[in-house]
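The values are calculated or read from the model by the stated rules, or taken from the named source; none is laboratory data. This structure is a prediction, so every number in the text was calculated from the model and none was measured. Cβ placement follows ideal geometry from the backbone for every residue including glycine, while neighbour counts extend to all protein chains displayed. Side chains included, ligands, DNA and RNA excluded: accessible areas come from the protein's heavy atoms. Shrake-Rupley method; radii C 1.70, N 1.55, O 1.52, S 1.80 Å.
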Amino acid sequence: NISKDLKHSLPVELGLSETKITSHGFDSTKEGVVEAGPFPGKGSSVSPKSSVISPSSAAASRLAGQGCDLIIPTGGRAQQKSGPVVLADEVKNPAMEKLELVRRWSLNTYKCTRQIISEKLGRGSRTVDLELEAQIDILRDNKKKYENILRLAQTLSTQLFQMVHTQRQLGDAFADLSLKSLELHEEFGYNADTQKLLAKNGETLLGAINFFIASVNTLVNKTIEDTLLTVKQYESARIEYDAYRTDLEELNLGPRDANTLPKIEQSQQLFQVHKEKYDKMRNDVSIKLKFLEENKVKVLHNQLVLFHNAIAAYFAGNQKQLEQTLKQFHIKLKTPGADAPSWLEEQ
């Protein structure tokens, strides 16, 4: 067959008896050369050599550049050898990480929503700490009452400021008439001094009330609000704890086989994680409620004493006691117009 194929492929002038195939070593620069020459006949004593087409160094370099590892033994057979394997670190895909976070968040939200709905419908069980829940209810009720006191004190401050402003204007009007009405000079003068004194005492009382408002506002809208924020985190942890507890209870009531055991084990681990979070948040709420109660008693005691002494001294007309009350609580009154910019600053 080979002879027939070669006979058809070679030129007509070249006979098959003049053709032979030789192989070159790896040091040759020729790649698989077909040479023409006399071929021994049947009666020749020289046995024909086996024909091998071997790659040259140029072909080997091209194969090496393509990443193929070939071993050519002396027998002429090519064998493929597996090259060294390099295990690279797995590159984390940010998109897959975000997708996993969204999946976990969705699953957790679904469980918590189901727990909340079941509690409102009266079907699900709820973990309750009676002592802690009672303290939280008292705190929320007190916050509403303190907010009402704060609102009324702000109204009183606004009304007192308007009254003091009116008294100051009235005193200026009496003083002006005292200078222009000679027959009523003394009468207008007495009323002008009285209104100016009332305005001065009103400003002192206004400073005490504003200091009371600022302290109660800090207690209600910062200290108590911070504690209630921790309470909200505690309630969220409680809902998650009950949701995963209910999930674990449902799995334990079902059959136990090769498919459900891994789920039960995973649910047990998640339940333990949320139980530890719930216990930690409950402990944090208890500590914050204790410190809040101590701070509230101390702050309100001082502020209520200030408010009482200032109001009593003002309506008793005791100017010295009113000023002494402000000194006792280190309250500094702002001079009217002290915050206004000077003429040079305005220019």
- Message: Which numbered condition in (1) crowded, with 17+ Cβ neighbours inside 10 Å; (2) in contact (Cβ under 8 Å) with a residue 24 or more places away in the chain is the only one that V299 fails?
- Response: (1)
- Message: Restricting to segment 257-304, name every residue that is closer than 30 Å to K145 by Cα and outside any helix (DSSP H, G or I).
- Response: none
- Message: Looking at V273, V305, can you tell me which residue is under 20 Å from V220 (Cα atoms) and either open to solvent by 50 Å² or more (accessible area, probe 1.4 Å) or not basic (K, R) (or both)?
- Response: V305
- Residues of segment 223-253 being open to solvent by less than 30 Å² (accessible area, probe 1.4 Å) and over 15 Å from K111 (Cα atoms), which ones? I224, T227, L228, T230, V231, Y234
- Task: Could you list, in sequence order, all residues of segment 189-208 that are in contact with a Ser or Thr (Cβ under 7 Å, 6 or more places away or on another chain) and surrounded by 19 or more Cβ atoms within 10 Å (Cβ to Cβ)?
- Result: A192, L206, A208
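I'm trying to understand the selection: among the residues of segment 98-127, which are open to solvent by less than 70 Å² (accessible area, probe 1.4 Å) and farther than 13 Å from T246 by Cβ?
E100, S106, N108, T109, G122
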- May I ask you to list pairs of residues, at least six apart or on different chains, whose Cβ atoms are under 8 Å apart, with the first in segment 118-133 being under 29 Å from I287 (Cβ atoms) and the second being of a type in the set (S, T, Y) and open to solvent by 40 Å² or more (accessible area, probe 1.4 Å)? L132/S286
- Task: Determine whether segment 219-242 contains at least one residue that is under 19 Å from Q303 (Cα atoms), without any contact (Cβ under 8 Å) to a residue 60 or more places away in the chain, among the polar types (S, T, N, Q) and part of a helix (DSSP H, G or I).
- Result: yes
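Would you mind finding the one in I287, I264 that is closer than 17 Å to L132 by Cα and either of a type in the set (G, A, S) or more than 23 Å from the chain's Cα centre (by Cα) (or both)?
None of the others qualify; the one that does is I287.
Identify, from the list R168, R151, the residue that is in a helix (DSSP H, G or I) and under 44 Å from the mean Cα position of the chain (by Cα). Before you say what the answer is, go through the steps one by one.
On the way: R168 fails: under 44 Å from the mean Cα position of the chain (by Cα).
Answer to the selection: R151.
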